[in-house]
Amino acid sequence: MAAEKTKIKIVTDSNIPVKRSYKKADVRGKKDEEPGRYPYTRGLYPSMYRERLWTMRQYSGFGSADETNKRFKFLLDKGQTGLSLAFDLPTQTGRDSDHQMSEGEVGRTGVAISSLKDMMTCFEGIPLDRVSTSMTINSTASTLLSLYITVAESQGVKPDQLRGTTQNDILKEYIARNTYIYPPKPSMRLIGDMIEYCSKKVPQWYPVSISGYHIREAGSNAVQELAFTFADAIEYIETCTARGQKVDDFAPRLSFFFCCTMEFFEEIAKFRAARRIYSKIMKERFHARSAKSQHLRFHVQTSGESLTAQQVDNNIVRVATEAMAAVLGGCQSLHTNSRDEALALPTEQSAKVALRTQQIIGSETGITKAADPMAGSYYIEALTDTIEEQVWKYLKRIDRMGGAMAAIEKGYFQEEIRNNAYRLKKEIDGNSRVIVGVNKFHDAQDVEPALNRIDPEIEKKQLARLQEFKSSRDMTKVNGALAALQKAAEKDENLMPLIINSVKSYATLGEISGTLTEVFGRYEAKTSF
């Protein structure tokens, strides 16, 4: 019977075979590495969290700008150290709240931002020179950053004082998330414009957060998450260098966003391998000389896909486990999901528990006392090496295809993700992958918690506010700003100053997106089965 059991193949989530035990021979030939030194496997800084904990950045934003402002102030009062803003689908796809396709979606998945007035309300009473703000926005990132800059200036805060991040990773939208507006080429132009503009005018801002999170949540494994994210990063960097920008001028303000799932040791190893791979890409491929250009700075969010609608309190344990792996892996900032997010946007109480989870890890567990405390584990080191090796194989294959853009157009990333997602679903359905409360350890009766319900009146109030805003404008000024933006879009100018001017002239997000769509067109996805 014992012999039979040894034949069972034990693998990680990425299908990496796992031995019964690991020993020195499994990591033979490894050189000692120090935290804070190239290739940064053990962390970006020598002391890591001994000097400063990661930024605790809880993702929030729902309903109206008023409601979001109240949640921001609540979280800051409870000890959150950075803001993270979620937007509703109309805002993400370049539509004002009063667009016919926005009906029923206003304020549902995040806050509705159509105008400068909305953005002013969202950050009222929050000094933007004292907080850093992350905005999960992609196709309309240039407009949202322009709104943020304008709000800051109304507070007397200069653009060069602003700290924060716009996600602005359009390539992963074509791969996994689908909130694109324009075709890839003009979308890449907008990203290049933002990176160039921020390097000169908003130097403390991260204009792009290259995201593996959504790739992972769509069904990829850890190796694919890193490989596809770094392939996208290479495409962005080459876009900037092709415009004549020097890599050391903009690379220090590139950031990344990864997922952390329940495969505890593999996730720790993934983050360690990621730093090593990226530093080699920057040094060997792009000849970056600055250490900051070689640094992989990344935010982590615990996995939304791992949350279950059944037995929601179990999600607190899942989130704590994933958060600990992210910290042991050396993240720079972290969002912990709330227990009820498989069912709805989180309640205030659930959001507080999620924040307290990070605070307990940082203050009580002792895992912050040593940099990279998992280093030297034969299993962790072997996993780190294997993940790195497999990521390089993917990157070489993608290079042979012509890079990330070509791979996306061929549907390669999408097909790889679909295949892995199908494998995971079969394992769950076949009970070979246990999900507590879903396919094992059921409760006879599951009690649904009190949920955060979005008041339907919020949409009506938002439409009334937007109508009032639009009716009080000087349309000559609005139309002039939009005409100048369209003219610049038809040429080769950097569009950021024109978008900022449009915002200050009280053009709405939808009007700005509509103007750019007239020039760039609207992207239609190619569907394959």
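The values are calculated or read from the model by the stated rules, or taken from the named source; none is laboratory data. Computed from a predicted structure; not experimentally measured. For neighbour counting, all protein chains shown are included, and Cβ atoms are generated from backbone atoms with ideal geometry for every residue, glycine included. The accessibility values were calculated without ligands, DNA or RNA, using every heavy atom of the protein model including side chains. Shrake-Rupley method; radii C 1.70, N 1.55, O 1.52, S 1.80 Å.
Just to be sure I understand the filter: pairs with C-beta atoms under 6 Å, separated by 6 or more residues or on different chains, first member in segment 240-259 and under 14 Å from Ile281 (Cβ atoms), second member in a strand (DSSP E or B) and aliphatic (A, V, I, L, M). Which pairs pass? Here the result reads Phe256/Ile210, each pair linking segment 240-259 to a residue that is in a strand (DSSP E or B) and aliphatic (A, V, I, L, M).
For segment 353-382, taking the residues that are touching a residue at least 60 places away in the same chain (Cβ under 8 Å), among the polar types (S, T, N, Q) and in a helix (DSSP H, G or I), the one that is least open to solvent (accessible area, probe 1.4 Å) is identified as Gln358. Here is the figure for segment 328-352: residues that are part of a helix (DSSP H, G or I) and open to solvent by 50 Å² or more (accessible area, probe 1.4 Å) total 3. Looking at segment 69-83, can you tell me whether even one residue there is more than 30 Å from Lys352 (Cβ to Cβ) and of a type in the set (A, V, I, L, M)? Checking segment 69-83: not a single residue is more than 30 Å from Lys352 (Cβ to Cβ) and of a type in the set (A, V, I, L, M). Just so you know, in segment 24-36 the residues that are assigned to a loop (DSSP other than H, G, I, E, B) and open to solvent by 90 Å² or more (accessible area, probe 1.4 Å) include one that is farthest from Tyr378 (Cα to Cα), and it is Glu34. Identification of helices (runs of 4 or more DSSP H) wholly contained in segment 237-309 with 1 or more residues that are among the basic types (Lys, Arg) yields 264-280, 291-294. When residues in segment 310-327 are screened for being open to solvent by 10 Å² or more (accessible area, probe 1.4 Å) and not in a loop (DSSP other than H, G, I, E, B), 7 of them pass. The lone criterion from (1) within 15 Å of the chain's Cα centre (by Cα); (2) more than 16 Å from His295 (Cβ to Cβ); (3) open to solvent by 10 Å² or more (accessible area, probe 1.4 Å); (4) not hydrophobic (A, V, I, L, M, F, W, C) left unmet by Ser211 is number (3).
Just checking, does segment 37-54 include any residue being part of a loop (DSSP other than H, G, I, E, B), more than 20 Å from Arg272 (Cβ to Cβ), in contact with a strand residue (DSSP E or B) (Cβ under 6 Å, 6 or more places away or on another chain) and touching a residue at least 24 places away in the same chain (Cβ under 8 Å)? The answer is no, given that none of the residues of segment 37-54 is part of a loop (DSSP other than H, G, I, E, B), more than 20 Å from Arg272 (Cβ to Cβ), in contact with a strand residue (DSSP E or B) (Cβ under 6 Å, 6 or more places away or on another chain) and touching a residue at least 24 places away in the same chain (Cβ under 8 Å). Under the condition of being in a helix (DSSP H, G or I) and basic (Lys, Arg), the residues counted in segment 490-529 number 1.
From the list Lys487, Lys461, Lys477, which one is in a helix (DSSP H, G or I), touching a residue at least 40 places away in the same chain (Cβ under 8 Å) and open to solvent by 90 Å² or more (accessible area, probe 1.4 Å)?
Lys461
Set side by side, the residues Thr68, Thr150, Thr91, Thr121 differ, and just one is assigned to a helix (DSSP H, G or I), in contact with a Phe, Trp or Tyr (Cβ under 7 Å, 6 or more places away or on another chain) and of a type outside the set (Lys, Arg), which is Thr68. Annotation note: of Gly521, Gly514, Gly510, the sole residue that is surrounded by fewer than 22 Cβ atoms within 10 Å (Cβ to Cβ), in contact (Cβ under 8 Å) with a residue 40 or more places away in the chain and over 30 Å from Tyr412 (Cα atoms) is Gly514. For segment 105-139, a tally of residues being out of contact with any helix residue (DSSP H, G or I) (no Cβ under 6 Å at 6 or more places or on another chain) and polar (S, T, N, Q) returns 5. Within segment 315-336, residues that are in contact (Cβ under 8 Å) with a residue 12 or more places away in the chain sit with their Cβ atoms under 7 Å from residues that are in a loop (DSSP other than H, G, I, E, B) and of a type in the set (Phe, Trp, Tyr), at 6+ positions apart or across chains, in these pairs: Val327/Trp54; Cys331/Trp54; Gln332/Trp54; Ser333/Trp54; Leu334/Trp54. Taken together, the residues in segment 163-205 that are surrounded by 19 or more Cβ atoms within 10 Å (Cβ to Cβ), assigned to a loop (DSSP other than H, G, I, E, B) and touching a strand residue (DSSP E or B) at 6+ places or on another chain (Cβ under 8 Å) amount to 3.
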